[in-house]
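Shown next, in structure tokens, is the structure this report addresses.
The values are calculated or read from the model by the stated rules, or taken from the named source; none is laboratory data. As the structure is a prediction and not an experimental result, all values here were calculated from the model. Because the Cβ atoms are built from the backbone with ideal geometry, glycine has one as well, and the counts that use them run over all protein chains shown.
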Amino acid sequence: MPSDLDLKHLVALAVSLALGLLVGLQRGWAAREKADGSRFAGIRTFALIGLSGGLAGVLYGSAPGPATVLLAAAGVLVIAGYWRDARLAETVSGTSGVVALLTLASGLLVGLGERLIGTAVAVVMVLLLAMREQLHGWIDRLSQREVLSIARFALIALVILPLLPDRDFGPYDAWNPRKLWLIVVLVSGFSFAGYFATRIVGAARGIIATAAAGALVSSTAVTASIANRMKEAAIPVPVLASAVSVSSVVMFLRVMVLAGLLAPGALPTLATLVAPGLTVSLVFAAWYLHRTRFAEVGDTSHEMTIRNPFDIAPALMLAGLVMVLTVASLWVLQNFGDRGLALVLAISGTVDVDSAIITMGGLAGQTLDPRTAGLVLAVPVALNTLFKAGVVVSVAGWAKGRAAAVPLIASALAVGFAWLVLR
């Protein structure tokens, strides 16, 4: 009977062959219109390349010399195939050559025992190859400003963040450079997600979808923009009210995601408290969405006012605000206890609830127990929801804005009731 080691090697070879077949299937489909003999490699060749890598990986532990020769020979054949393809083709593309080398590397990783990494490399590669048209379409639609902004985001997230020291300093040891810069990365990341979601959906395709995408950046800004439209009375009220309720739903979800990332201990309590508000917003959103099917939407060409996601200044200002709030919160906590801290975060989070959550991220688990942290965070969430209701009423008036203000008030009251029950 075969030993466990033999079975392990056979499985590795089978996986390597399967990955090669997967890559070959995609490449064969992409080159299906080419004449026979003009292709760089077909499904069988890519399958054999994957199998060669897997065999080299299996042999490397006991026979590194033959394994190296096999890898080198396969690499030479790939390079020779690319050279021939480049000579025959009118246009030169290195995609097939690089894909063949990565298929060989994926098989090698699987043969060496790194099955997850090898499989992930091959699957992601096939996904990128299959998205060729979409990727080229996205590139065509990007402006120079957006390309530069993506590069700046990569700089702050992938270069600056890892270089910053991960240690505490300052008053009360309240400041950690890496965690503070992570705020900038997270805020910019949420802004990027909201901006590109809006670009993909497009304002002309629906105010509701645009509001949902914009709420990833700032639900307060979205609500203010919708309130202006309510005042103009150019768009049916159910459409605008549903957009406010949907943005509120996104805000509640964003708050829980942000708390899970920065203050995971506080998340269970916070989720329990905001769940009623989320449910109320979902119910109103569903009701208004049902009514929008019968509403005629007029001009939707005006884009919503959303923070510029490529302007790093708001993220830096938020990081500075968090620095100040962290020190102030620790001082208040030391001198006045939990109630004083709740007051500080409630005031700061009324306009921008993210600042309260990020500030709590540096305190939860250190000076506050997780349950208390969740209770404290629910206060600015409820107040921010009430603040947005006040924005709607003050801008659009009660007669025109009540359809959007009532769901916000009801959601805030639901969170407040849950807070009273749980505290």
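Checking the structure you have, find out if any residue of segment 44-62 is modelled with pLDDT under 85 and more than 21 Å from Val76 (Cα to Cα).
Yes: one or more hits.
Filter segment 395-405 for residues that are touching a residue at least 24 places away in the same chain (Cβ under 8 Å) and surrounded by fewer than 21 Cβ atoms within 10 Å (Cβ to Cβ) and give the result. Working first, answer last.
Here is the first cut: in segment 395-405, the ones touching a residue at least 24 places away in the same chain (Cβ under 8 Å) are 395-397, 400-401, 403-404.
Val395, Gly397, Lys400 - these are the residues of segment 395-405 that are touching a residue at least 24 places away in the same chain (Cβ under 8 Å) and surrounded by fewer than 21 Cβ atoms within 10 Å (Cβ to Cβ).
Which residue pairs have Cβ atoms closer than 6 Å, lie 6 or more positions apart in sequence or on different chains, and pair a first residue in segment 87-109 that is under 17 Å from Ala30 (Cα atoms) with a second residue that is modelled with pLDDT of 65 or more and of a type in the set (Val, Ile, Thr)?
Cβ pairs passing all conditions: Ala100/Ile49; Ala100/Val78; Thr103/Val23; Thr103/Ile49.
With (1) modelled with pLDDT under 80; (2) part of a helix (DSSP H, G or I); (3) of a type in the set (A, V, I, L, M) as the list, and Met1 as the residue in question, which single condition is left unmet?
Result: Met1 fails condition (2) only.
Quickly run through segment 221-248 and pick out the residues that are over 19 Å from Gly397 (Cβ atoms) and surrounded by fewer than 23 Cβ atoms within 10 Å (Cβ to Cβ).
Ala221
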